[in-house]
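The values are calculated or read from the model by the stated rules, or taken from the named source; none is laboratory data. It should be emphasised that the depicted structure is a prediction, and the values quoted were computed from it without experimental measurement. Heads up, the Cβs are rebuilt from the backbone with ideal geometry, glycines too, and the neighbour counts pull from every protein chain shown. Each accessible area value is taken on the protein alone, full model and side chains, heavy atoms only, with ligands, DNA and RNA left out. Shrake-Rupley method; radii C 1.70, N 1.55, O 1.52, S 1.80 Å.
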Amino acid sequence: GESVGLHLPTLSVQEGDNSIINCAYSNSASDYFIWYKQESGKGPQFIIDIRSNMDKRQGQRVTVLLNKTVKHLSLQIAATQPGDSAVYFCAEREANSKLTFGKGITLSVRP
Amino acid sequence: GAVVSQHPSWVICKSGTSVKIECRSLDFQATTMFWYRQFPKQSLMLMATSNEGSKATYEQGVEKDKFLINHASLTLSTLTVTSAHPEDSSFYICSAQTRGNGYTFGSGTRLTVV
């Protein structure tokens with residue numbers, strides 16, 4: 001079946017550096033993508049989203065890039081802070097149906 | 001805005017008993033809510049889609065008689081784990097679809113069956 005996957009299970013970055021988290025998706029019919037942050041013992045927290053008619057969207061310190069040609073999604077975090085340490089999930093949705101989550105990647109920020 | 005409250009945050013129950021988890025949308029009406037299960041170090045897996053006033057739609061492999069979902073109002077959905085067993089121990093998370101077709105998640109419920 002369709003699935004969303006992540007390339008790396010863990011990512012360790014130095015505080016102040018930029019982080020890039022990648023995600024591959026396989027459902028070409030997906031039209032909406034979301035990045036979530038999940039801290040231990042908590043529910044997912046919305047970070048940023050992007051629709052399939054866009055290829056880039058920026059938020060505060062975060063940028064999401066969408067490459068529909070290769071079905072790739074990335075989350076860029078500028079000036080990574082210790083508070084950014086968490087598990088990050090990408091999620092995709094096809095035409096107002098359910099969200100499918102990727103496997104998750106742990107971001108660890110070194111002081 | 002768009003706050004989802006989930007209770008309890010954690011629960012320990014004996015094997016064979018039932019546990020009810022509540023998911024409330026506090027400042028908006030949610031016609032559609034979702035229930036997920038998450039095992040340690042794994043992703044969120046959708047269990048079922050809960051629609052107000054109608055039967056829930058369960059994902060393949062999820063036992064509807066074991067995981068009872070009730071969505072009796074536009075602000076409340078409940079998940080009851082019936083005859084719980086240790087293998088049901090997990091982190092259960094609800095989500096509500098907001099007016100703008102976004103999603104807001106509850107804080108999750110850690111269920112431990114002993």
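Computed quantities for the displayed model
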| item | result |
| --- | --- |
| Members of segment A:87-110 that are modelled with pLDDT of 90 or more, open to solvent by 10 Å² or more (accessible area, probe 1.4 Å) and away from every other protein chain (no Cβ under 11 Å) | A:108, A:109, A:110 |
| Segments classed as strands (runs of 3 or more DSSP E), wholly inside segment B:1-101, with at least 2 members that are at pLDDT 95 or above and over 14 Å from the mean Cα position of the chain (by Cα) | B:10-13 |
| Unmet requirement for residue B:105, which otherwise passes all of (1) closer than 18 Å to residue B:7 by Cβ; (2) in contact (Cβ under 8 Å) with a residue 60 or more places away in the chain; (3) more than 14 Å from chain A (Cβ to nearest Cβ); (4) not charged (D, E, K, R) | (3) |
| Any hit, segment A:22-37, residues being polar (S, T, N, Q), within 11 Å of chain B (Cβ to nearest Cβ), closer than 23 Å to residue B:48 by Cα and surrounded by 13 or more Cβ atoms within 10 Å (Cβ to Cβ) | no |
| Residue check for residue A:10: out of contact with any helix residue (DSSP H, G or I) (no Cβ under 7 Å at 6 or more places or on another chain), open to solvent by less than 30 Å² (accessible area, probe 1.4 Å) and either among the hydroxyl-bearing types (Ser, Thr, Tyr) or more than 14 Å from every other protein chain (Cβ to nearest Cβ) (or both) | no |
